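Novice: First the structure, then my questions, so here it is.
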Amino acid sequence: MISVVVLGSGTSTGVPSVACDCATCTSADLRDKRLRTSILIRSQSTCVVVDTSMDFRRQMLDNHVMDLDGVVFTHHHFDHIGGFDDIRPYNFRSGRPLPIFGLQETIDVLQSTFPYAFGLVASTGAAVPSVDVNVVDSAPFSVGNLTFTPIPLRHGKSLRVNGYRIGNFAYCTDVNFIPESSWPLLEGLDVLILDGLRREPHPTHFTIDESLDVVRRLQPRQTWLTHIAHQIRHADVDPTLPSGVALAYDGLVIQSS
Ligand SMILES: [Zn+2]
Ligand SMILES: [Zn+2]
Ligand SMILES: [Zn+2]
């Protein structure tokens with residue numbers, strides 16, 4: 001049994017968005033306050049965060065995450081890597097590099113964005129993040145007692161993204177196309193967290209209707225939509241979704257086998 005905490009359910013701008021006074025951005029409903037998309041996965045002995053969002057520091061503080069066994073990255077967009085520098089307190093506490101796992105291009109962008117953390121620029125003596133780099137592709141890998149099976153996904157025309165399956169739980173964010181060979185990896189799910197940006201079409205994210213097509217094919221027991229934009233006001237849209245599908249929100253805790 002694992003427990004999954006939705007640390008952030010918001011699209012890249014976060015919700016509310018800067019410089020917007022729409023009904024969602026001015027809503028008092030806490031479910032309309034969305035940090036950047038990320039989850040925490042916990043077993044009895046292991047705690048892993050998926051992506052270091054731009055809100056990573058806030059997310060670790062709000063959820064009292066004292067120790068991390070690793071960071072697993074989905075892809076290199078800044079909303080998913082922007083909080084990387086804030087892993088340093090975990091280095092200080094453990095005295096060890098933090099294991100990170102990601103596609104080669106994700107690691108490449110981490111290195112070009114944060115070169116000081118990888119010894120690629122001269123050290124100034126300041127504390128820098130310390131990581132153990134693990135390049136992953138499509139083969140399963142373990143972090144502590146959790147086994148991650150990568151789910152190859154597409155985000156726009158050409159960008160590879162990894163979704164991940166752990167037991168009967170799967171996390172598929174930042175996706176607008178599931179390659180045919182990935183569908184079998186998503187059969188028999190207990191819980192699926194799936195990209196569902198908004199109702200209007202988007203070149204790199206599933207709309208809510210496109211997500212519902214995926215749900216009809218896969219039939220997970222429960223689906224939560226994430227990476228939600230400010231066009232979606234929780235109280236308006238959540239009741240319109242079919243049974244077994246709901247909008248995720250920050251702080252949501254899910255149990256899965
Ligand atoms: Zn994103
Ligand atoms: Zn807005
Ligand atoms: Zn993205």
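Novice: Please work out which residue is surrounded by the fewest Cβ atoms within 10 Å (Cβ to Cβ), limiting yourself to region 32-50 and to residues that are among the basic types (Lys, Arg) and closer than 16 Å to Ile193 by Cα.
Specialist: Out of the qualifying residues, it is Arg42.
Novice: Among the residues in region 174-189, are any part of a strand (DSSP E or B), touching an Asp or Glu at 6+ places or on another chain (Cβ under 9 Å) and farther than 21 Å from Thr46 by Cβ? Don't jump to the end; show me each part of the working.
Specialist: In the first step, residues of region 174-189 are kept if they are part of a strand (DSSP E or B); the result is 177.
Of the ones still in play, those that are also touching an Asp or Glu at 6+ places or on another chain (Cβ under 9 Å) are none.
No, because not a single residue in region 174-189 is part of a strand (DSSP E or B), touching an Asp or Glu at 6+ places or on another chain (Cβ under 9 Å) and farther than 21 Å from Thr46 by Cβ.
Novice: Restricted to region 35-49, and to residues that are part of a loop (DSSP other than H, G, I, E, B) and closer than 25 Å to Asn176 by Cα, which residue is nearest to ligand 1 (Cβ to nearest atom)?
Specialist: Thr37
Novice: Could you list, in sequence order, all residues of region 195-234 that are surrounded by fewer than 17 Cβ atoms within 10 Å (Cβ to Cβ), in contact with a helix residue (DSSP H, G or I) (Cβ under 8 Å, 6 or more places away or on another chain) and assigned to a loop (DSSP other than H, G, I, E, B)?
Specialist: Residue satisfying the conditions is Arg199 alone.
One line per residue, one yes/no per condition, for (1) among the basic types (Lys, Arg); (2) within 16 Å of ligand 2 (Cβ to nearest atom); (3) closer than 21 Å to Phe101 by Cα:
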position: Val175; (1), (2), (3): no, no, yes
position: Ser182; (1), (2), (3): no, no, yes
position: Glu187; (1), (2), (3): no, no, no
position: Ala229; (1), (2), (3): no, yes, no
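Novice: I would also like to ask the following. Can you work out which of the residues in region 157-174 that are of a type outside the set (Lys, Arg) and more than 14 Å from ligand 1 (Cβ to nearest atom) is surrounded by the fewest Cβ atoms within 10 Å (Cβ to Cβ)?
Specialist: Ser158
Novice: Pairs please, first residue from region 11-39 and on the phi > 0 side of the Ramachandran plot and touching a residue at least 40 places away in the same chain (Cβ under 8 Å), second anywhere and within 13 Å of ligand 2 (Cβ to nearest atom) and of a type in the set (Lys, Arg), Cβ atoms under 7 Å, 6+ apart in sequence or on different chains.
Specialist: That search, which allows pairs on different chains as well, returns Gly14/Arg34.
Novice: Moving on to the next point. Could you please let me know if Thr52 is within 16 Å of ligand 1 (Cβ to nearest atom) and either out of contact with any Pro (no Cβ under 6 Å at 6 or more places or on another chain) or part of a loop (DSSP other than H, G, I, E, B) (or both)?
Specialist: yes
Novice: Condition first: more than 16 Å from ligand 3 (Cβ to nearest atom) and either in contact with a Leu (Cβ under 6 Å, 6 or more places away or on another chain) or touching a residue at least 60 places away in the same chain (Cβ under 8 Å) (or both). Now tell me which residues in region 72-90 satisfy that.
Specialist: Within region 72-90, Ile87, Tyr90 qualify.
Novice: Restricting to region 56-84, and then to whatever is touching a His at 6+ places or on another chain (Cβ under 9 Å) and part of a loop (DSSP other than H, G, I, E, B), can you tell me which residue is surrounded by the fewest Cβ atoms within 10 Å (Cβ to Cβ)?
Specialist: Filtering region 56-84 for residues that are touching a His at 6+ places or on another chain (Cβ under 9 Å) and part of a loop (DSSP other than H, G, I, E, B), the one surrounded by the fewest Cβ atoms within 10 Å (Cβ to Cβ) comes out as His77.
Novice: Which numbered condition trips up Val121, out of (1) within 16 Å of ligand 3 (Cβ to nearest atom); (2) surrounded by fewer than 19 Cβ atoms within 10 Å (Cβ to Cβ); (3) of a type in the set (A, V, I, L, M, F, W, C)?
Specialist: (1)
Novice: Could I ask something else about it? Of the residues that make up region 235-255, is at least one part of a loop (DSSP other than H, G, I, E, B), in contact with a helix residue (DSSP H, G or I) (Cβ under 6 Å, 6 or more places away or on another chain) and either at positive phi or modelled with pLDDT of 95 or more (or both)? Walk me through how you get there before you give the answer.
Specialist: Step one: filter region 235-255 for residues part of a loop (DSSP other than H, G, I, E, B), giving 241-244, 248-252.
This time we only want the ones that are in contact with a helix residue (DSSP H, G or I) (Cβ under 6 Å, 6 or more places away or on another chain), so: 249.
Now drop any that are not either at positive phi or modelled with pLDDT of 95 or more (or both), which leaves 249.
There is at least one residue in region 235-255 that is part of a loop (DSSP other than H, G, I, E, B), in contact with a helix residue (DSSP H, G or I) (Cβ under 6 Å, 6 or more places away or on another chain) and either at positive phi or modelled with pLDDT of 95 or more (or both).
The values are calculated or read from the model by the stated rules, or taken from the named source; none is laboratory data. Owing to the predicted nature of the structure, the values given are computational and were not obtained by experimental measurement. Heads up, the Cβs are rebuilt from the backbone with ideal geometry, glycines too, and the neighbour counts pull from every protein chain shown.
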